[in-house]
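The values are calculated or read from the model by the stated rules, or taken from the named source; none is laboratory data. The structure displayed is predicted, hence computed values, not measured ones. All Cβ positions, glycine included, derive from the backbone under ideal geometry; neighbour counts span all protein chains shown.
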Amino acid sequence: MIDEQARLLSNREVAADFYLARLNAPHIAVRIEPGQFVNIQVGAGVAPLLRVPLSVSGADREAGIIEVLYEAVGPKTRALSQVGPDAALPTLSPSRQGLAAPSEGTRVVLVGCGICVPPLLYWGLKLRQRSYQTALLVGARTADKHLSNELLAPAADAVHLATDDGSLGHAGLVTDLLQNELAEKGPCAVYCCGPHGMMQAVAAICLEAQVPCQVSLEEYMACGIGICVGCAVELATAKGDTDYGRYARVCVDGPAFDARQIKWGNAWPT
Amino acid sequence: MGQRMADLSIDFAGVQLRNPVLLASGTCNYGQELLPLTDFARLGGLVTKTITPQPRGGNPPQRIVETPAGMLNSIGLQNPGLEAFVEKQWPLLADLDAQVVVNIAGFTVEEFGQMAASLEALAGIAALEVNISCPNVEAGGDNFATRPQTAAAAIAAVRSRTQRPVIAKLTPNVTDIAEIARAVVDAGADAVSLINTLVGMAIDVEQRRPVLGGITGGLSGPAIKPVALAMVWKVAQAVDVPVMGIGGITSARDALEFMVAGASAGQVGTASFANPNAGVEIVEDLYAYCDERGIDRIASLVGSLR
Ligand SMILES: Cc1cc2nc3c(=O)[nH]c(=O)nc-3n(C[C@H](O)[C@H](O)[C@H](O)COP(=O)(O)OP(=O)(O)OC[C@H]3O[C@@H](n4cnc5c(N)ncnc54)[C@H](O)[C@@H]3O)c2cc1C
Ligand SMILES: Cc1cc2nc3c(=O)[nH]c(=O)nc-3n(C[C@H](O)[C@H](O)[C@H](O)COP(=O)(O)O)c2cc1C
Ligand code: FES
């Protein structure tokens with residue numbers, strides 16, 4: 001667990017309301033792994049009150065730099081988008097469970113949505129450096145909620161996009177792309193980050209196809225370090241009200257989990 | 001920084017505190033996660049997350065939402081239960097260089113008594129803080145803390161089973177908090193702490209659904225400080241036991257406001273979420289404040305409202 005004063009190097013808009021921030025945070029940069037997040041303080045602890053948890057979308061260990069990609073959606077992220085270069089931002093890294101690599105030679109499929117791709121970008125880049133074949137499938141509502149090819153391309157050998165309105169790539173859901181990928185190319189290891197419903201659908205497809213699936217979860221967090229017990233996610237092994245282990249804390253027990261560990265809905269098989 | 005002169009120590013109902021700043025229940029878990037981020041040796045102490053007789057899984061997510069200058073939580077008293085606490089959490093807590101107050105709750109009067117009795121053999125607990133803001137299953141789920149009789153019954157049950165200082169933690173969700181404070185003091189409480197969270201709610205208009213899995217939650221943070229201050233001031237006049245001020249303390253100035261209003265010590269809760277070292281920084285700033293103003297003993301500020 002590291003809390004360091006990160007220095008903002010740049011913070012630029014890369015798509016409609018999407019920002020890419022580069023931070024000098026040498027202590028975090030040497031340790032952070034794909035799938036892990038940082039918790040950035042943008043206010044003085046009154047308004048906004050809480051920190052913003054953001055997945056790390058890239059890191060340069062030698063240069064001591066980390067990158068985050070975020071969408072300005074509300075008070076905290078909007079405040080962050082207004083911060084200028086050289087500002088000092090208290091940045092905490094719980095450094096817990098990141099994504100785990102598949103066995104050597106396994107084909108990798110990364111499945112994300114609009115602004116939920118950052119952990120997959122860092123992961124894809126790392127896996128390619130280790131000679132894994134990777135495909136990146138991204139869904140979004142509309143074309144302008146997709147990141148540019150320049151940002152997506154380094155993470156994968158092939159990038160496939162889908163939009164709900166058909167304005168870019170496949171007209172439909174990112175899960176259609178995953179079904180195609182599985183039908184055409186067969187076994188692979190799937191890594192997924194997105195809204196709950198999308199991750200549930202991806203987890204179900206992977207269970208059915210008997211391919212491994214890891215998810216990077218984003219529960220609402222107050223502390224990000226395990227002290228509030230707020231970021232609870234119900235586990236598939238949950239055994240009722242008096243089971244202290246019924247919920248895991250996403251911030252310290254995750255944020256990456258094997259999809260089979262999670263109880264996605266009441267009807268989820270356990 | 002010049003040489004420190006001020007004496008920040010406080011005798012709180014017989015508990016010797018290095019300084020008047022403790023971490024609040026439910027906002028520091030059982031201390032371990034904070035070890036790399038703060039220094040307990042520089043705090044007055046910490047209060048554990050509430051322990052109940054049986055383990056509890058807690059409420060369904062979403063459990064947290066930020067609100068203007070505050071936040072709502074609906075954790076649902078998730079805790080490992082008494083037995084696991086004694087075996088696993090306590091030995092680690094006992095190792096901390098800090099006064100550890102153990103916060104307990106029950107769902108019947110008898111359970112409150114049992115909790116106190118079961119902890120009596122553990123050496124090193126500084127005091128028991130009794131969270132009476134829980135449903136009384138023998139009285140249709142009514143909250144113990146909301147009526148003088150049930151609040152007093154829970155405290156009396158604890159009082160009769162422990163030699164340790166008993167701190168009754170009061171809820172602000174009542175008409176007259178001074179009446180409840182008098183009832184728990186008459187029942188044997190050595191001190192009171194207040195306030196617990198205020199009942200609040202957040203609604204997602206698009207979905208027309210409550211934001212929190214527990215529908216309503218507890219409001220905390222800077223937003224509740226004025227409410228807490230008024231209640232501490234009122235209670236400090238109503239009872240002659242020490243008062244622990246809680247609610248939105250984020251800075252040394254906030255802590256001082258509570259002391260002037262009549263609190264002998266204060267607890268830092270939500271502020272630790274944004275800044276895990278908030279408690280220690282508040283202590284540093286209290287030293288600076290006292291030294292600058294030539295205040296020798298911080299205890300002299302308690303209840304100094306003119
Ligand atoms: C582990 C993790 C990794 C994340 N990674 C990214 C990322 O890489 N890029 C990105 O754009 N966003 C990411 N998010 C989401 C991001 O933290 C929220 O969008 C942000 O906190 C919104 O705050 P706000 O005040 O701007 O908006 P609000 O209007 O307060 O909220 C907008 C949305 O964000 C959610 N949210 C608000 N506060 C929090 C919080 N403290 N914790 C979690 N969710 C919250 C709300 O439920 C709502 O759906 C991540 C969240 C988590 C938990
Ligand atoms: C996430 C969270 C969990 C809490 N859990 C408990 C608890 O288990 N027992 C208890 O007595 N109070 C609990 N509280 C209440 C706090 O101890 C404190 O009374 C309240 O938050 C007001 O202080 P603050 O504004 O400084 O946070 C909790 C508060 C929060 C925010
Ligand atoms: S966010 Fe507080 S425990 Fe995870």
Quiz item: Which members of segment A:11-42 meet the condition of being part of a loop (DSSP other than H, G, I, E, B) and under 19 Å from A:L151 (Cβ atoms)?
Solution: A:A16, A:D17, A:I32, A:P34, A:G35
Self-check item: Count of segment A:25-49 residues which are over 12 Å from the mean Cα position of the chain (by Cα), more than 12 Å from every other protein chain (Cβ to nearest Cβ) and among the β-branched types (V, I, T)
Solution: 3
Quiz item: Do the conditions hold for A:A44, that is, is it within 16 Å of ligand 2 (Cβ to nearest atom) and of a type outside the set (F, W, Y)?
Solution: yes
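How many residues does segment B:19-35 contain that are in a helix (DSSP H, G or I) and closer than 21 Å to B:S264 by Cβ?
Narrowing segment B:19-35 to residues in a helix (DSSP H, G or I): B:32-34.
Remaining after also requiring closer than 21 Å to B:S264 by Cβ: none.
So the count comes out to 0.
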Quiz item: Can you tell me which residue in segment A:50-84 is surrounded by the fewest Cβ atoms within 10 Å (Cβ to Cβ), limited to those that are more than 15 Å from the chain's Cα centre (by Cα), of a type in the set (A, V, I, L, M, F, W, C) and within 6 Å of ligand 1 (Cβ to nearest atom)?
Solution: A:V73
Practice problem: Among the residues of segment B:172-204, write down those that are under 22 Å from B:A157 (Cβ atoms) and assigned to a loop (DSSP other than H, G, I, E, B). | Solution: B:N173, B:V174, B:A187, B:G188, B:A189, B:D190, B:N196
Exercise. Scan segment B:33-57 residue by residue and report those that are facing chain A (nearest Cβ under 8 Å), surrounded by fewer than 23 Cβ atoms within 10 Å (Cβ to Cβ) and under 19 Å from the mean Cα position of the chain (by Cα).
Key: B:E33
Practice problem: Could you grab me the full set of residues in segment A:106-144 that are on the phi > 0 side of the Ramachandran plot and touching a residue at least 12 places away in the same chain (Cβ under 8 Å)? | Solution: A:G114
Practice problem: Please report, ordered by residue number, the strands (runs of 3 or more DSSP E) entirely within segment A:153-270 with at least 3 residues that are more than 14 Å from chain B (Cβ to nearest Cβ) and free of Cβ contacts under 8 Å to residues at least 40 places away in the same chain. | Solution: A:158-163
Quiz item: How many residues are within 21 Å of B:A145 (Cβ to Cβ) and either within 12 Å of chain A (Cβ to nearest Cβ) or within 9 Å of ligand 2 (Cβ to nearest atom) (or both) when one looks only at segment B:194-214?
Solution: 7
Quiz item: Within segment A:2-10, is there a residue that is in contact (Cβ under 8 Å) with a residue 12 or more places away in the chain and within 30 Å of A:S131 (Cα to Cα)?
Solution: no
Practice problem: Taking the options B:A117, B:A151, B:A127, B:A123, name whichever one is outside any loop (DSSP other than H, G, I, E, B) and surrounded by fewer than 21 Cβ atoms within 10 Å (Cβ to Cβ). | Solution: B:A117
Quiz item: Which ones in segment A:1-39 are polar (S, T, N, Q) and either within 16 Å of ligand 2 (Cβ to nearest atom) or crowded, with 18+ Cβ neighbours inside 10 Å (or both)?
Solution: A:N11, A:N24, A:Q36, A:N39
Quiz item: Regarding B:A255, is this residue over 30 Å from A:I40 (Cβ atoms), in contact (Cβ under 8 Å) with a residue 12 or more places away in the chain and under 19 Å from the mean Cα position of the chain (by Cα)?
Solution: no
Quiz item: Taking segment A:79-93 on its own, how many of its residues are touching a helix residue (DSSP H, G or I) at 6+ places or on another chain (Cβ under 6 Å) and closer than 7 Å to A:L8 by Cα?
Solution: 0
Quiz item: Residues in segment B:262-277 that are within 16 Å of the chain's Cα centre (by Cα) and either within 14 Å of chain A (Cβ to nearest Cβ) or among the polar types (S, T, N, Q) (or both): how many?
Solution: 8
Quiz item: What residue, among those in segment B:65-87 that are at the interface with chain A (Cβ under 7 Å from one of its Cβ atoms) and touching a residue at least 40 places away in the same chain (Cβ under 8 Å), is farthest from B:V101 (Cα to Cα)?
Solution: B:P68
Quiz item: Looking at (1) outside any loop (DSSP other than H, G, I, E, B); (2) buried (at least 18 other Cβ atoms within 10 Å of the Cβ); (3) away from every other protein chain (no Cβ under 14 Å), which is the only condition B:G106 fails?
Solution: (1)
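Determine which member of the set A:T77, A:T91 is within 16 Å of ligand 3 (Cβ to nearest atom) and at pLDDT 95 or above. I'd like the intermediate steps shown before the answer.
Working: A:T77 fails: within 16 Å of ligand 3 (Cβ to nearest atom).
Residue meeting the stated conditions: A:T91.
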Exercise. Give segment A:43-60 a look and list any residue that's assigned to a loop (DSSP other than H, G, I, E, B) and modelled with pLDDT of 95 or more, or say none.
Key: A:L49, A:L50, A:R51
Quiz item: Since B:G217 meets every condition but one in (1) crowded, with 23+ Cβ neighbours inside 10 Å; (2) more than 13 Å from chain A (Cβ to nearest Cβ); (3) out of contact with any Cys (no Cβ under 8 Å at 6 or more places or on another chain); (4) at negative phi, which condition does it not meet?
Solution: (2)
